[in-house]
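Down below is the structure, laid out as structure tokens.
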Amino acid sequence: MDNGINPKNIITISVYPSEEGFGCTLVEPTKIPLTADYSVALTIAHGMVKMALERPDIIFDEGVESLSNPIDSDTTKIPLTADYSVALTIAHGMVRMALERPDIIFDEGVESLSNPIESDTVVSIDDMVKMKKDRLH
């Protein structure tokens, strides 16, 4: 355990490109620790995925902001494809929302744990653009 992080307790969120847009998955460790800290982390992880799948327009905007003002400048290994760029931007947006608005992400996580989203959900770019246009009007 380094810096209080136990690698056996890591919750993995994967954002991946698809032909239509992007998809998200959440993988929990096989042996889930029964601690309050883990429960909070798991709830936030579920909220991040739920928000990315249901409100990709907001998460994408947060990702653009995060990529415009990066914390880590090591971007030399990023593939430059449109599909990958969308997935990367969504991933950055998820992290930014979790760090800046954990209250919203936590509430979304509670909802997601009560009503799980299908694991093979893919969000299309067209749907994301439509959500953004609807939000602006």
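FYI, it's all coordinate maths here, none of it is from the lab. These numbers come from a predicted model, not from an experiment. Don't worry about glycine lacking a Cβ; one is built from the backbone with ideal geometry, like all the others, and counts go over all protein chains shown.
Could you compute the FRET efficiency for Asp126 and Ser18, with r as their C-beta to C-beta distance and R0 at 22 Å, rounded to 0.05? Can you show the working numbers first?
Values: r = 13 Å, r/R0 = 0.58.
The calculated FRET efficiency here is 0.95.
So which lysines pass the test for Lys31, namely a Cα distance under 22 Å, with those fewer than 8 places away in the same chain ruled out?
Lys8
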